[in-house]
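Peer 1: First the structure, then my questions, so here it is.
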Amino acid sequence: MKLEIDVITIFPEFFEKPIQFGPIKRARDAGVLEIKLLNLREFAPTPKEVDDYPFGGGSGMILKPEPIKKAIDSVKKEGGTVVLLSPQGVTFNQKLARRLAEESQIILICGRYKGVDERIMKYVDMELSIGDYVLSGGESAALVVIDAVSRLLPGALGSEDSAETDSFEWGILDAPYYTRPRVFDGMEVPEVLLSGDHARIERWRRKEALRRTLKKRPDLLDKALLDKKDLELLEEIKKEEGL
Ligand code: ADE
């Protein structure tokens, strides 16, 4: 299975460098990911005609609907999913990344300026926001989506790495990690990590992942996939932390 990601943008160059690194590059090299950059201006009668003033007045320019529709039609295959990046969309998260990684084609439309003509929504399957803040365009948001989705494709991560232990894969944050040196600025690496006792290490990591989540993102615990052992660990943590 291969995922094709088509990006419709007035700044295709924005993506050229970032897609040449890390898991995105590895997924492309492995043949499980193809990224096509479509220059929206090439779908307009003249390059300048991609946007226009809003009817009714107001500041800013609006992306015109015809070039976007033409760009979609030029690449869309049966079953392809059209995604518009905009601050009005549902908030992107790991679950949505996993869902998109199952698709065969995603067409990402990068909004610009003040927005896009509302009539384009007829052709949009999903409107995604990467958070409650306004970016100057959908390009950086599209890059976030491309990154999060690509690394879930088979072969994108090196064998030493795995998406399974990532923060959010189980709905909780990941454990803290340490590397050499064993003592840094007077701070020691937790003894358990040097013990070679894998069962103890695994239990410690799960417990510290839960501790971090409880301290930094308690909201995640309500929806997390927790088993009986996790609930016992959480009780231990609450006692230790005096909660
Ligand atoms: N375009 C502008 N702001 C955005 C956001 N927060 N997410 C996705 N696309 C956007």
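Laboratory data are not the source of any read-out in this text; all were calculated from the coordinates shown. Note that this is a predicted model, so its numbers are computed, not measured. All Cβ positions, glycine included, derive from the backbone under ideal geometry; neighbour counts span all protein chains shown.
Peer 1: When all alpha-carbon pairs of the range 33-105 are counted, what percent fall beyond 13 Å? Don't skip to the end; give the middle numbers.
Peer 2: Working: 1975 of 2628 pairs.
Across the range 33-105, Cα pairs with separations above 13 Å total 75 percent.
Peer 1: Excluding residue 117 itself, what net charge comes from residues whose Cβ is under 15 Å from its Cβ, given Lys and Arg +1 and Asp and Glu -1?
Peer 2: Working: positive: 64, 69, 70, 112, 114, 119, 122; negative: 49, 51, 52, 66, 118, 127.
Result for the local shell: +1.
Peer 1: Taking GluC sites (Glu not before Pro) that fall in a DSSP loop and have at most 13 other Cβ atoms within 10 Å as cut points, what is the longest piece of the chain between them?
Peer 2: 161-240
Peer 1: In addition: With the crude spin-label approximation of a point 7 Å out along Cα→Cβ, what separation in nm comes out for residue 25 versus residue 90?
Peer 2: Rounded to a tenth, the inter-label distance reads 3.4 nm.
Peer 1: Moving on. At a 10 Å Cβ-Cβ cut-off, how would you order 122, 229, fewest neighbours first?
Peer 2: Working: 122 8, 229 11.
Final ranking by Cβ density, sparse to dense: 122, 229.
Peer 1: Apply 1/(1 + (r/R0)^6) to the Cβ-Cβ distance of residue 121 and residue 70, taking R0 = 25 Å, and write down the FRET efficiency to the nearest 0.05.
Peer 2: Working: r = 16 Å, r/R0 = 0.66.
Efficiency at R0 = 25 Å is approximately 0.95.
Peer 1: Starting from the Cα-Cα distance between residue 114 and residue 240, subtract it from 0.36 nm times their residue separation and give me the gain in nm to one decimal. Let's see the in-between values first.
Peer 2: Numbers: separation 126, 0.36 × 126 = 45.36 nm, distance 5.07 nm.
Result: 40.3 nm gained on full extension.
Peer 1: Something else about it: Give me P(r) over the range 167-241, computed from all C-alpha to C-alpha distances, binned every 5 Å, as integer percentages.
Peer 2: 3, 15, 24, 23, 17, 12, 5, 1
Peer 1: Taking neighbour counts of Cβ atoms within 10 Å as a proxy for exposure, in what order, fewest first, do 129, 150 appear?
Peer 2: On the way: 129 19, 150 26.
The most exposed by this proxy come first: 129, 150.
Peer 1: I would also like to ask the following. If you count the DSSP beta bridges with both ends in the chain, what percent of them are antiparallel, to the nearest 5? Working shown, then result.
Peer 2: Details: 5 of 29 bridges.
Antiparallel bridges make up about 15 percent of those DSSP assigns within the chain.
Peer 1: Counting alpha carbon pairs within less than 8 Å and at least 6 residues apart, what relative contact order, in whole percent, applies to the range 135-224? Let's see the in-between values first.
Peer 2: Details: 51 pairs, mean separation 24.7, N = 90.
After rounding, I find 27 percent.
Peer 1: Give me the net charge for the shell around residue 85: Cβ to Cβ below 12 angstrom, other residues only, Lys and Arg +1, Asp and Glu -1.
Peer 2: Computed value for this residue: -1.
Peer 1: Could you list 95, 17 in order of exposure, starting from the residue whose Cβ has the fewest other Cβ atoms within 10 Å?
Peer 2: 17, 95
Peer 1: Given 5 Å bins starting at zero, what is the percent of C-alpha pairs of the chain in each, up to the one with the largest pair distance?
Peer 2: The percentages, shortest bin first, are 1, 6, 11, 14, 15, 12, 11, 9, 7, 6, 4, 3, 1, 0.
Peer 1: For the range 121-204, what mean projected area does the convex hull of the alpha carbons give, in nm²? Don't jump to the answer; show the numbers that get you there.
Peer 2: Numbers: hull surface 38.9 nm².
Answer in nm², one decimal: 9.7.
Peer 1: Can you give the longest run of the chain that contains no chymotrypsin sites (Phe, Trp or Tyr not before Pro) sitting in a DSSP loop with at most 15 other Cβ atoms inside 10 Å?
Peer 2: Values: sites that count: 21, 55, 133, 177, 178.
Of all site-free stretches, the longest is 56-132.
Peer 1: Over the Cα atoms of the range 1-132, what radius of gyration and what Dmax do you get, in Å?
Peer 2: For the range 1-132, the Cα-based Rg and Dmax read 15.1, 50 Å.
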